[in-house]
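The values are calculated or read from the model by the stated rules, or taken from the named source; none is laboratory data. Since we're looking at a predicted model, the values are computed, not measured. We place every Cβ from the backbone using ideal geometry, glycine too, and count neighbours over all the protein chains shown.
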Amino acid sequence: MRYFASHFLQPTDYLLLYESHMVSQFPDWIRRPWASGGVMAATQDVLKDLGLHTVCRSARCPNQSECWGRRTATFMLLGENCTRNCTFCAVGHGPTAVIEPDEPVRVAEAARRLGLAHVVVTSVTRDDLPDGGAAHFAMTVGAIRAACPGVRVEVLVPDFRGDEASVRTVLASSPDVFGHNIETVARLHPAARDPRCSYMRSIAVLRLAADLAPETIVKSSLMAGLGESELEVRQTFGDLRAAGCTAVCVGQYLQPGPRQRPVEQFVPIEAFKRYETWAYAMGFSFAMAGPFVRSSYHADQVWTDHAAPERSVAAARGI
Ligand code: SF4
């Protein structure tokens, strides 16, 4: 799975990598100031107090202050070590965390204290758990619903080894958005992902969610810059739409460190604009593509775009 788990550095880190020749090029449009300030400090205090991790912080996501300012945050459940090893991803691979039964309640309390309007919950892949962590996801959705009535909840789940019961367990908690990332195009999957991941399995998980919960927004994301062609991105959009996905995000892959795959290309802004236009024309009701777009970037907007389909039409026409 993952929240573009490759994005574990902020732009200033990339400048250092660039200088040490780890990353071959770093165009101007990938630079972004690293924000700090009141909302950041206040959020960090709450997270520290409750012993929680957010992808926003763990990944040092450059969108952090913007998202937190929009009252959106992405919480990481089930520890920080993954049982898989994708070649673009820099998450840890040590011993997996013991499940903390009170973690769902702590996440809900954080959402309440922070006054979040849209909460995203995700996790590393936990092949060591019989249900892959599905019940923990469901409990977290339930706890957020109980503590914060009216808050929208988005899950970004691993593939659960394709296990239908796990997908059903998560959907039974009625998340507003069910997300699972396809990550890259079909041709690059074998090289980019852990052997236990598969393009077709991810498509099947998304299809299952769309079939089982037609009222739920089904969302996926992929990285650009791993060596894919624009045609392959378009084909992936087609596969996602055929599976029932209605929301899609595309962002620039940034090499997290020297051990991960290098960036094959920095995708120009015009190509990202094309991706958005294509996605809307293919029937997605939410599409966001750009260098800094991540799985949960402007996650709350999924909702408003579904409620305002005229934006989709305008975007499809390139307006
Ligand atoms: S499954 Fe792959 S992409 Fe997802 S967290 Fe694990 S190693 Fe990273």
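Checking R113 against (1) at pLDDT below 95; (2) of a type in the set (D, E, K, R); (3) under 18 Å from the mean Cα position of the chain (by Cα): exactly one of these is not met. Which one? Here R113 meets the rest and fails (3). Residues in region 79-87: is at least one touching a Gly at 6+ places or on another chain (Cβ under 8 Å) and not in a strand (DSSP E or B)? Looking for residues that are touching a Gly at 6+ places or on another chain (Cβ under 8 Å) and not in a strand (DSSP E or B), one finds at least one in region 79-87, hence yes.
Of all residues being in contact with a helix residue (DSSP H, G or I) (Cβ under 9 Å, 6 or more places away or on another chain) and under 13 Å from P158 (Cβ atoms) in region 78-88, which is farthest from the ligand (Cβ to nearest atom)? Just the residue, please. Of everything passing the filter in region 78-88, L78 is farthest from the ligand (Cβ to nearest atom).
Answer yes if at least one residue in region 268-284 is in a loop (DSSP other than H, G, I, E, B), under 19 Å from the mean Cα position of the chain (by Cα), at pLDDT 85 or above and surrounded by 14 or more Cβ atoms within 10 Å (Cβ to Cβ), and no otherwise. Checking region 268-284: at least one residue is in a loop (DSSP other than H, G, I, E, B), under 19 Å from the mean Cα position of the chain (by Cα), at pLDDT 85 or above and surrounded by 14 or more Cβ atoms within 10 Å (Cβ to Cβ). Being of a type outside the set (G, A, S) and either in a strand (DSSP E or B) or more than 21 Å from A209 (Cα to Cα) (or both) holds for only one residue in V141, V121, and it is V121. Of everything listed in (1) touching a residue at least 12 places away in the same chain (Cβ under 8 Å); (2) at negative phi, the single unmet condition for P149 is (1).
Taken together, the residues in region 184-200 that are part of a helix (DSSP H, G or I), within 12 Å of the ligand (Cβ to nearest atom) and free of Cβ contacts under 8 Å to residues at least 60 places away in the same chain amount to 1. Note on region 113-138: residues that are out of contact with any Lys or Arg (no Cβ under 8 Å at 6 or more places or on another chain) and not aliphatic (A, V, I, L, M) total 8.
Does V141 count as more than 17 Å from the chain's Cα centre (by Cα) and farther than 30 Å from L188 by Cα? It is false that V141 is more than 17 Å from the chain's Cα centre (by Cα) and farther than 30 Å from L188 by Cα. For F160, the conditions (1) more than 16 Å from the ligand (Cβ to nearest atom); (2) at positive phi all hold with the exception of (1).
What are the residues in region 98-120 that are of a type in the set (A, V, I, L, M) and either surrounded by 18 or more Cβ atoms within 10 Å (Cβ to Cβ) or closer than 13 Å to R145 by Cα (or both), if any? Within region 98-120, V105, V107, A108, A110, A111, L114, L116, A117, V119, V120 meet the criteria. Condition first: closer than 21 Å to T184 by Cβ and either more than 16 Å from the ligand (Cβ to nearest atom) or in contact with a Phe, Trp or Tyr (Cβ under 9 Å, 6 or more places away or on another chain) (or both). Now tell me which residues in region 89-110 satisfy that. The answer is C89, A90, V91. Just a yes or no: is a residue in region 203-222 crowded, with 21+ Cβ neighbours inside 10 Å, in contact with a Phe, Trp or Tyr (Cβ under 6 Å, 6 or more places away or on another chain) and either closer than 20 Å to F88 by Cβ or among the charged types (D, E, K, R) (or both)? There is no residue in region 203-222 that is crowded, with 21+ Cβ neighbours inside 10 Å, in contact with a Phe, Trp or Tyr (Cβ under 6 Å, 6 or more places away or on another chain) and either closer than 20 Å to F88 by Cβ or among the charged types (D, E, K, R) (or both). Across region 120-134, the qualifying residues are those that are away from the ligand (no atom under 14 Å from the Cβ) and more than 19 Å from the chain's Cα centre (by Cα), and the one among them that is farthest from A165 (Cα to Cα) is P130.
With respect to (1) crowded, with 16+ Cβ neighbours inside 10 Å; (2) assigned to a helix (DSSP H, G or I), the lone exception for A165 is condition (1).
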